[in-house]
1. Report the residues of the range 117-139 in range of a label on SER103: point 7 Å along Cα→C-beta, backbone N strictly under 14 Å from it.
2. Using only alpha-carbon positions, what ratio does the radius of gyration of the range 60-124 give when scaled by 2.2 N^0.38 Å?
3. Normalising by the residue count of the range 20-141, find the relative contact order in percent from Cα pairs under 8 Å and 6+ residues apart.
4. Give the Rg (one decimal place) followed by the Dmax (whole number) of the range 61-178, computed from C-alpha coordinates and expressed in Å.
5. At LEU115 and ASN138, where each label point lies 7 Å from the Cα along Cα→Cβ, what is the point-to-point distance in nanometres?
6. Which of the peptides 51-63, 147-159, 124-136 is most tightly packed, and how do the rest follow, judged by the mean count of other Cβ atoms within 10 Å per residue?
7. In the P(r) worked out for the range 88-127, what percent of Cα pairs fall beyond 12 Å?
Amino acid sequence: TWSANYTISLNPNGNVRTIELRNTTAQYVGFEAFEVLPGIPALGIGNYEETNGNLTYAGGWLSYVAAGPKGGSLKYTNDPTAKIGFKVDTTVGQVIIYRTMASVYGPMDVYVDGLLVAAIPGTNATVLWQQPFTVTINPGNHTIEVRNASNNYIGFEAFDLLAPLPSSTATPGPTRTP
């Protein structure tokens with residue numbers, strides 16, 4: 001290929017990273033340039049659709065536009081390696097994930113800073129849109145990932161980031177919103 005773009009994502013956490021490019025073949029390699037881009041910013045309190053540019057998607061995702069999903073669209077996949085990532089800032093204490101449930105849909109897992117904190121069911125006999133699931137987190141700068149937990153489909157519609165619950169009513173761990 002004469003022209004190809006490759007992206008390497010780093011999470012430096014204030015650390016210096018070294019990137020080394022090596023020719024591992026006996027062929028010639030041409031290197032034209034590199035560009036250092038800013039990281040994806042942490043999100044604060046608000047409502048976010050699945051099309052938000054601060055989300056990172058990995059795996060094979062498809063878009064679906066219809067009247068049922070929150071905001072009129074969703075991303076869906078049956079790729080067992082698929083995941084969505086985003087960062088939250090110190091103002092956030094609750095994450096409400098809106099998903100689609102159906103008979104061919106399965107569970108998705110929620111990770112905070114690489115630790116599994118919730119398993120979200122996705123199966124229902126009929127299609128249900130805009131189904132909320134609330135995960136309570138300790139306020140702080142965190143990386144949230146929503147991962148497909150099976151070979152079944154998952155549908156990701158949107159998410160809301162809310163302030164922490166008042167300490168007198170806070171409950172540890174994930175809570176399911178009916």
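A short reminder: the numbers here are calculations on the coordinates, not readings from a lab. Just so it is clear, the structure is predicted and the values come from calculations on it, not from any experiment. We place every Cβ from the backbone using ideal geometry, glycine too, and count neighbours over all the protein chains shown.
1. Label zone hits: 123-128.
2. That ratio works out to 1.22.
3. It rounds to 23 percent for the range 20-141.
4. That works out to 13.9, 42 Å for Rg and Dmax.
5. 0.7 nm
6. Descending mean neighbour count gives 147-159, 124-136, 51-63.
7. The answer is 65 percent, as a whole percent.
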